[in-house]
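Okay, structure first, notes after.
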Amino acid sequence: MRKSPSNNIRLIIARRSYSTKEIAKLLGIHDRTIQEWHVNGLRPIDEAAKPFLFMGGEIKRFLSERRSSRKVKLGKDEFYCPRCKAARKSDTQNIEIINTKRAIGQGDESILINGICLVCGCRLNRFSTKNGLKRLPFNQNDKRCIRILEGDLFLPLNTDIEEDGHNEK
Ligand SMILES: [Zn+2]
């Protein structure tokens, strides 16, 4: 019988901090899963301090948000809004595509897409991969609105974007 992490979530104490290994052990899951959670929006106490420590309350928040987001079907240009608790589109001027430079599987890297909820203004996250991004429309709606946070970013249509830039003015 496979253990589901949700069985042990109640063992996590909100006001305590946990290392990746501690969470993995407590929930009976692999260290790598916690690393994926981090990429997917689990926030450590300090992004600059490694190894990361996570507050119990943050782990609970992340897992319950993820649970509800899984019940919501997202369209290609939609995000799960944690405040609306529904699928929402982002203001296109505030879409950011971030290459986390974390390898996922063979020859793929994880990509985080940030946006701002058009309805409530809440910050939105959507997780994708370098290959998955090719199937998403974010770079096609309004290419010039996409800002790049970290250098060396992969954009599937970056040749188009460059051409647009050269043509401007
Ligand atoms: Zn919202």
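Rule-based calculations on the coordinates, nothing more; no lab input. Given the structure is predicted, the values throughout are model-derived calculations rather than measurements. Because the Cβ atoms are built from the backbone with ideal geometry, glycine has one as well, and the counts that use them run over all protein chains shown.
Around the amide H of L74, modelled in the peptide plane, lies no amide H under 5 Å away from a residue 5 or more places distant or on another chain. Net charge dipole, segment 1-76: roughly 460 debye, given to the nearest 20, about the Cα centre with Cβ charges of +1 for Lys and Arg and -1 for Asp and Glu.
Amide H to amide H, with H built 1.01 Å from N, C122 comes under 5 Å of C117, counting only residues 5 or more places away or on other chains.
Residues with beta-carbon under 13 Å from that of M55, excluding M55: net charge, scoring Lys, Arg +1 and Asp, Glu -1? Neighbourhood net charge equals +2.
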